[in-house]
Each structure stands twice: as structure tokens, then as C-alpha cells.
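Comments concern the structure below.
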Amino acid sequence: MANIRDVAKRAGVSTATVSKVLNNKPDVSEATRAKVMQAVRELNYTSNIHARRLFSKKNKTIGVVFFSRVSYVVYTKMFEGINRRTIEQGFDVLTFDEDYLLSRSGAFSMEEKVDGLIILGRGFSQDKIEAIKSLSIPYVLCPESVADLPATVVSPDNHSIARIAVNYLIAKGHTRIGFVGSSKRYWFSSTRFDGYLSSLAAHNLPIDSQVIVDGFEPFYEGGYEAGKQILEVAKVLPTALFAVNDFMAMGVAKYLKEHNIRVPEDISIVGCDDIALAEYFEPPLTTVKIPWEQVGILATDTLMKIIKKEPVSQSLLLLNGQLVERKSVVDISGKRGD
């Protein structure tokens, strides 16, 4: 087991300097502090003093780490919930970006400052997974589960949300329903795809690979590219599309309209999230509203329980969505077949 002398030797400094860094004394340069932090991580060393402080400290502060691949709109709503709940609980909030967590010295400093973390992100790469695994403080993932990262996850019920959207289209008479999704490395998209398939199967509707397009980034541009692929591949166009989020729904709608395919008269579209732009899009977008603020509140409540060593009922906590009906879907029941 490494000791303070090993850390000092690895970092090329004195044991007194290592002690100053571990106790967060100000009279150490940032370059020296970074070298010591790197040595601490490489040797997996935690001094007895630091360990006692780490496990007994009560900063009354939680950290929020913002990873990429989640839209600003979703981040904002989740953070509103987190901030609201922490204020109610008498806690402070510190925010960090992913580069801070990926830095050895940054992660160590983070562990000193907060009692636990809420990690907001999707599509985690392996280096990010390893950085999260190395944390020695409690954390909650939100809104994405990661197969290689056992953790408590707070998320929308993506499977159920997809079923709400597809069942609504079926109730409107649509039987040839396409899917617009993002890369399979995004858990939310693959889970919503499973919900889409489940709804089709429950109604004995066929699955046509020509109207299933995925592999795109979950943003407006990805939806636009998905629209292009649908027109290039599908021999018979679907009467409706389910998109995994509103940005992709609006992107695909734009491409279709630019190619003289009317929404909803020719193809109906349903999205997910109910972002503010959905109401003002043309046509106003029918979507499944996801309670992102409530997701943030539940993530905060869950982290508080873990910090206090209270039991958490399950490792995956889900919140359902609600259909918001606007003008992007046409009812074809009893009017036309496929």
C-alpha cells in the first residue's frame, strides 16, 4: 500500500508539500498541486487524515457534472429541479463540466468540495466511464443508464413514453409508422426503439426496416439527415413517424417539407420532450411531454438519501410522460388505408 513518501517520490516533491496539497493549503503552485494529484491517483493513495475527512465531512454541497450530448434545453430543465430541491434542503450546488471530472486533479478537488454528484449526460465514452468509476463519493446518473457502470439512475420511462406516442398514432388510424432515432450507443434512443417495437407488436402491425432510420446524433441536424434517408430508402412512405425527441422530429419535418411532403397531410409526426419550440413550430408539434424538472428533483432526492446512507428502493427510478396534442398528426381512421 502506498504511503505519503511514495507520493512525494513519484511527484518529485517533499512529504511536507504533499501534506499541504492534501490539506488544500494555499501556498502551493498549481503546477505542483497537479503533479501531486496525479501521483495520488496513480498510486491510489489517500492519507488517513484525508480519508477521515472524506467520509465524515458535511459540506452540505452537491455537485452537478454536465457531460456533452444532452441538449441545453433538457439540461436547463433538469438543473431547475436540482437547484430548487437543494435550496429547499439547505444545500449549495457547484457545477462542473466533463473536462473537470476527466482531469485527475480536478476529480480529486471535486471530491473535496461536495458530498455527492449528479452526473448529467448521455452516450458516455469509455474514458468517461472509467473516470466516474474512480470516484470515491456518492453519485447518481441522470438521465442515462450505462451498462458498464453500476449506479442509481433517474430517468424518464423511455419505453413507456414511446408506447404513448405510437399508440396515439395507431388510434389515429396509422398502421405504417416509421421510427427516427439516434445512435444505438444512446440508451434513451434504444429504449424508445424497444417501446416503438412493443407497440407495433401489441397491435399486430408489421415492422418495415425501410421506415426505421437511426444512427444519427439526437439533434435537429440528425433529424434532417434522417428525413433524407427515409426518402432515399423507403419504397412506400409511412403515413406517420415517431421521433425520439422534438429536435429530430422538427429536423425530419423540415426535410420532408422542403421536398414537397406535407406535415401532417402526407406524413404525421410525433416527438418527445415538449421543448418550448415545439409549440411554435409549423405545424405545432404533437409530442410526449417529459417532466425534466421532476427528473432533476428526483435525482436530488435520491442523491440525498445515498449521502445520508438511507435505503434507495431500486437502482432505476423512472418518470412517465404525458401526450401533448397539437397539429402535426392527422386522423386517418376510417378515411384511408395504407
Legend entry - Subset of region 194-212 [crowded, with 19+ Cβ neighbours inside 10 Å and more than 16 Å from THR239 (Cβ to Cβ)]: GLY195
Inset, instruction - Give me the pairs, please: first residue somewhere in region 78-100 and of a type in the set (Val, Ile, Thr), second residue anywhere and exposed (fewer than 14 other Cβ atoms within 10 Å of the Cβ) and assigned to a helix (DSSP H, G or I), beta-carbon distance under 9 Å, and either six or more positions apart or on two chains. - result: VAL93/ILE87
Inset, instruction - Under 6 Å between Cβ atoms, at least 6 apart or on separate chains: pull out the pairs that start in region 175-189 with a residue that is in the same structural domain as LEU200 (by TED's automatic domain parsing) and end on any residue that is part of a strand (DSSP E or B) and hydroxyl-bearing (Ser, Thr, Tyr). - result: SER189/SER182
Inset, instruction - Check region 159-182 and report whether any residue there is in contact with a helix residue (DSSP H, G or I) (Cβ under 8 Å, 6 or more places away or on another chain), closer than 20 Å to THR286 by Cβ and of a type in the set (Phe, Trp, Tyr). - result: yes
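The values are calculated or read from the model by the stated rules, or taken from the named source; none is laboratory data. As the structure is a computational prediction, the values presented were derived from the model and not from experiment. Cβ atoms come from the backbone with ideal geometry, glycine included; neighbour counts cover every protein chain shown.
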